[in-house]
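The block underneath contains the structure these notes are about, expressed in structure tokens.
The values are calculated or read from the model by the stated rules, or taken from the named source; none is laboratory data. Computed from a predicted structure; not experimentally measured. When we count neighbours, we look across all protein chains shown, and the Cβ atoms used for this are built from the backbone with ideal geometry, even at glycine.
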Ligand code: 2PG
Ligand code: MG
């Protein structure tokens, strides 16, 4: 039971310097929660709507004054003074108030900021860590069981790096690390080795992309993967048994008219699947995100079969953290892992439903940040509370990324929980 005493919104700036939304929720008990929402760039077509002002004279139309105005105005008017038995009651009120299927009227950014600020205030009211409160939101009565294993950006391309190479992320997974602390130290070593390699090979200090990944002018995606392998070895690790790779192919963003424009001859879906299967043979890849495009539904089951359990078939744009899309994908055998981004769906309760659905089907869950992030660290608590297998936050640089790793380190130190295997 929590009674809202005050709701407020603030337009703040994200890691790209673009506006986003922060909300403050004060409860009658005096407990206060403040939360900020992130923003994507390589967005899925089925994502909930992020409300932008569309005033070209201010932040190129990306202002969030309307969304903030909705928190201060209509949402506050409807919710202040109301008592909510739990998170799902609050989220239901937000969804009903908005009244659209994709949160287009009040904005998913406004709704999610309130949803998260309320959760934080409730955790504060009970005097429990946010990750334990998130565990209870996931399933009443449950507690946090494990820590997620970080998957960390090494190299960036695609929409996060100006498209010098079509695929979006090559990530490092410290598969032999036993603790978060060890996983981060391992990744740091690989990242530094990659930076040195980029200096030698490309003759330039490697510039970083939106999420802090190194983004030299790779000749093609193959070179990106080869350089990742070389960096792992240069750092003194054995590729595969100690350090593996994860890929965000983000293929929706180089797919047009039924063809994948990966460089060279355009590939049809079968050709793309063969290409990806070839990578799995040559590189130690444990997770393959958006290997096919979001609208290429019909071919996802064939991708999953071709991968044959060698790597996770992870859906991001494909699933959009949307329970209806996840049900369909489970029924079709189209994937076996969910990339979970709360702002793709717009409230905590709906994202929790997406997470439960995936986990009940035996899927893995990778809890993910967005390319436009803030210094807020709730995502680390969410990944712990919801028993995420992996946490994908971007690279091991830039404070908006490190805020989440630092929170995860603090949770590891205080909770005694073990990282997933
Ligand atoms: C993705 C995310 C995070 P964005 O595609 O997985 O890397 O990117 O937030 O731009 O959608
Ligand atoms: Mg993605």
- Meets criteria (within 24 Å of residue 21 (Cα to Cα) and part of a helix (DSSP H, G or I)) for residue 412: no
- Query: Just checking, which of 175, 180 is modelled with pLDDT of 95 or more and either outside the structural domain of residue 403 (by TED's automatic domain parsing) or surrounded by 20 or more Cβ atoms within 10 Å (Cβ to Cβ) (or both)?
  - Reply: 180
- Of (1) under 9 Å from the mean Cα position of the chain (by Cα); (2) in a loop (DSSP other than H, G, I, E, B), residue 393 fails just (2)
- Query: residue 192 versus (1) surrounded by fewer than 21 Cβ atoms within 10 Å (Cβ to Cβ); (2) not in a helix (DSSP H, G or I): which is the lone unmet condition?
  - Reply: (2)
- Test set (1) buried (at least 24 other Cβ atoms within 10 Å of the Cβ); (2) touching a helix residue (DSSP H, G or I) at 6+ places or on another chain (Cβ under 6 Å) - residue 339 fails condition number: (2)
- Scan of segment 42-56 for residues that are more than 18 Å from residue 104 (Cα to Cα) and either assigned to a strand (DSSP E or B) or in contact with a helix residue (DSSP H, G or I) (Cβ under 6 Å, 6 or more places away or on another chain) (or both), ordered by number: 42
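Which of the following residues is closer than 26 Å to residue 140 by Cα, more than 16 Å from ligand 1 (Cβ to nearest atom) and part of a helix (DSSP H, G or I): 95, 75, 34, 4?
Working: 75 fails: closer than 26 Å to residue 140 by Cα; 34 fails: part of a helix (DSSP H, G or I); 4 fails: part of a helix (DSSP H, G or I).
Residue meeting the stated conditions: 95.
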- Message: Just checking, does segment 234-247 include any residue being within 16 Å of ligand 1 (Cβ to nearest atom), touching a strand residue (DSSP E or B) at 6+ places or on another chain (Cβ under 9 Å) and on the phi > 0 side of the Ramachandran plot?
- Response: no
- Can you tell me which residue among 353, 375 is under 18 Å from residue 116 (Cα atoms), in contact with a helix residue (DSSP H, G or I) (Cβ under 8 Å, 6 or more places away or on another chain) and not in a helix (DSSP H, G or I)? 375
- Residues satisfying the stated conditions in segment 263-275, i.e. without any contact (Cβ under 8 Å) to a residue 12 or more places away in the chain and in a helix (DSSP H, G or I): 271
- Item | segment 277-299, subset in contact with a helix residue (DSSP H, G or I) (Cβ under 7 Å, 6 or more places away or on another chain) and not in a loop (DSSP other than H, G, I, E, B), residue nearest to ligand 2 (Cβ to nearest atom) | 288
- Query: Restricting the search to segment 223-246, which residues are surrounded by 19 or more Cβ atoms within 10 Å (Cβ to Cβ) and part of a helix (DSSP H, G or I)?
  - Reply: 224, 225, 227, 228, 231, 232
- Message: Which of the numbered conditions does residue 47 fail, given that it passes all the others? Conditions: (1) within 16 Å of ligand 2 (Cβ to nearest atom); (2) within 21 Å of residue 375 (Cα to Cα).
- Response: (2)
- Query: Given the conditions (1) touching a strand residue (DSSP E or B) at 6+ places or on another chain (Cβ under 6 Å); (2) more than 14 Å from ligand 1 (Cβ to nearest atom); (3) touching a residue at least 40 places away in the same chain (Cβ under 8 Å), which single one is not true for residue 260?
  - Reply: (3)
- Going through segment 378-399 one residue at a time, which ones are buried (at least 22 other Cβ atoms within 10 Å of the Cβ) and out of contact with any strand residue (DSSP E or B) (no Cβ under 8 Å at 6 or more places or on another chain)? 381, 385
- Message: Restricting to segment 322-336, name every residue that is away from ligand 2 (no atom under 16 Å from the Cβ), assigned to a helix (DSSP H, G or I) and touching a helix residue (DSSP H, G or I) at 6+ places or on another chain (Cβ under 9 Å).
- Response: 323, 327, 328, 330, 332
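Identify all residues within segment 147-177 that are part of a loop (DSSP other than H, G, I, E, B), more than 14 Å from ligand 2 (Cβ to nearest atom) and touching a strand residue (DSSP E or B) at 6+ places or on another chain (Cβ under 7 Å); write none if there are none. I'd like the intermediate steps shown before the answer.
Kept after step one, since they are part of a loop (DSSP other than H, G, I, E, B), are these residues of segment 147-177: 148, 157, 161-168, 174-177.
Filter again for more than 14 Å from ligand 2 (Cβ to nearest atom), leaving 148, 162-165, 174-177.
Residues satisfying the conditions are 148, 174, 175.
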- Going through segment 61-90 one residue at a time, which ones are surrounded by 12 or more Cβ atoms within 10 Å (Cβ to Cβ), within 26 Å of the chain's Cα centre (by Cα) and within 24 Å of residue 372 (Cα to Cα)? 62, 63, 64, 65, 66, 67, 68, 70, 71
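Considering every residue within segment 312-327, establish whether at least one is at pLDDT 95 or above and surrounded by fewer than 18 Cβ atoms within 10 Å (Cβ to Cβ). If you could, list the steps in order and put the result at the bottom.
Narrowing segment 312-327 to residues at pLDDT 95 or above: 312-327.
In the following step, the residues that additionally are surrounded by fewer than 18 Cβ atoms within 10 Å (Cβ to Cβ) were identified as 324, 327.
Yes, segment 312-327 contains at least one residue that is at pLDDT 95 or above and surrounded by fewer than 18 Cβ atoms within 10 Å (Cβ to Cβ).
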- Query: Is it true that some residue in segment 364-386 is away from ligand 1 (no atom under 16 Å from the Cβ), without any contact (Cβ under 8 Å) to a residue 60 or more places away in the chain and over 18 Å from residue 36 (Cα atoms)?
  - Reply: no
